[in-house]
Each structure stands twice: as C-alpha cells, then as structure tokens.
Amino acid sequence: MLDAVDLIAKYRAGMAEHVAEPAWKQQLNRLLRASGEFRELWERHEVAPMSPHVKRYRHPRVGLIRLEHRNMWPAPQSPAHRVVAYLPADEESEERLERLAELPDERPAG
C-alpha cells in the first residue's frame, strides 16, 4: 500500500506537467489549505515517478493473469473522472487473456 509520502511525491511528479494550468494550481492550493500533513510533505519537494500497479487474478480455466492497473485523468478540471485500464503485465498473461476471450460464455440463458 502506498503511503502519504509516496502519494504526494507522485502527485508532485504529475503536477510538473500541469504547473501552468489554473485548475491544477487551484487544486494544489485547496490541498495545501486543507491539510497540514499534505503541506508538510509537499514542502519536502520529493518527486516519485508514477509506476504501474500489478494486480493478479487466478481464473479457474486459464490460470494466473497479471495485469498492470493504470489510472488516467482526462482533464484536471474533473479530478473525479478517471479512466482505469488493465494491461497484460507480461506475454504469458496476454496469451491467457486471448484464451479467455475465446472461451464460450457459460452464463445461464434467460
């Protein structure tokens, strides 16, 4: 699990790409006003790259599938909206997903 230090360092990395955008500046100012802990950690100036999180799922017919969990925010004006993508983390998982897609639908009709 990510801790606050790491999350804020990742937020700082993301902020670097949007530093001139008013919506991003406003959000940062709201966070700085709302949380002393955020303000203290922000002032450390630590930066951490955004890294994918790998989730593992075991399917009864195709086995272990490893997927990278990625978050994408389409616009800073709407931080509540995000796109979540799951990408195969390795070649074996990609092959297992292809096999899974070819399996017949086993849900009961009706």
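The values are calculated or read from the model by the stated rules, or taken from the named source; none is laboratory data. Predicted model, so just to flag it, every value in this text is computed and none were measured. FYI the Cβ positions are ideal-geometry reconstructions off the backbone, even for glycines, and counts take in every protein chain you see. Surface areas here come from the heavy atoms of the whole protein model, side chains and all, with no ligands, DNA or RNA. Shrake-Rupley method; radii C 1.70, N 1.55, O 1.52, S 1.80 Å.
A Förster radius of 22 Å, combined with the Cβ-Cβ distance separating residue 69 from residue 18, puts the computed FRET efficiency at roughly 0.50.
Remark: the stretch 1-47 carries 70 Å² of accessible area per residue (probe radius 1.4 Å; ligands, DNA and RNA excluded). In the stretch 22-54, which GluC sites (Glu not before Pro) fall in coil by DSSP and have 11 or fewer other Cβ atoms within 10 Å? Answer in residue order: 43.
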